[in-house]
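Okay, so here's the structure we're looking at.
Every read-out reported here was derived from the displayed coordinates using simple, explicitly stated rules and does not represent laboratory data. On a predicted model such as this, the values are computed, not experimentally measured, just so you know.
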Amino acid sequence: EKRLSVFQTLNTVSQAVSVETDLNEFYKVVQHEVTSIIGNVNFAVAIYDSQHDTIAIPYMFDGQTTRSVDTFPMGEGLTSILIRTKKSLLVVEDTERKTHELGAKMVGKPAKSWLGVPLLVGGEVIGAILLQDLEQEGRFDEDDQLLMETLAAQVAVAIRNARLLEKTYQQAYRQQQLYEITSKIRNSPDIPSILKTTASELGRVLGAQRTKIELGTVSPALQKTEPPES
């Protein structure tokens, strides 16, 4: 029955990857499917920003409610170690001692059981899925880890697709803005109108309160000189 449930979960998540464009709604689907098999445990998705070396948690379910956690710098916790090593971590007994053995620092009440799997795209880590049980040891096993690693591959694809879609939307929006600005400039009847339209449109697009355009003559040193007659 559990294997059938796992198959159904993978199928549900796979369908969500192909149709769901809202990542928060997608995370909700994954969390619901995971807790339907593993039970009511804490679930979180962590996103890693390699450029700024920071972690954000856009989706966290604490067993009752859902919230997000603001961006914070990479540190020395289990999540940071997982992201650095790009390897899953399963700690389900004597978690405080084993966490110290891994060289990790704990903040707040330690979980009795902790499971984290990396989100990988092309071999690069973009985040992690994290499961915790604050009260019960031995809550997760290797089968749970295998399930989460399989799900993580699909979650990583969904995040990549969402990012590509967002990038495409942004490029299309910028192209549309550029087209509208250039059309208005071309329809301006004279130089003052061109300058006024350019300043106004750039200020609107960039959200600037003031826009200034300066015109000047070319420095004599920069003017092109005619070659001497032969």
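Full extension of the segment from K109 to V121, taken as 0.36 nm per residue of separation minus the current Cα-Cα distance, would add 1.1 nm. For K112, the amide hydrogen comes within under 5 Å of the amide hydrogens of D133, L134, E135, Q136, counting only partners 5 or more places away or on other chains and with H modelled in the peptide plane. Taking amide H as placed 1.01 Å from N in the peptide plane, L102 has no amide H partner under 5 Å among residues 5 or more places away or on another chain. More than 18 angstrom separation, counting every C-alpha pair in segment 16-103; what % is that? When all Cα pairs of segment 16-103 are counted, 55 percent exceed 18 Å. Close amide H partners of V121, meaning residues 5 or more places away or on another chain with modelled amide H under 5 Å apart, are I126. For segment 32-44, backbone phi angles converted through the Karplus equation (6.51, -1.76, 1.60; θ = phi - 60°) give residue-by-residue couplings of 5, 5, 5, 5, 5, 9, 7, x, 7, 10, 5, 10, 8 Hz, Gly and Pro being listed as x. Rounded to two decimals, the Cα radius of gyration of segment 60-106 over 2.2 N^0.38 Å is 1.31.
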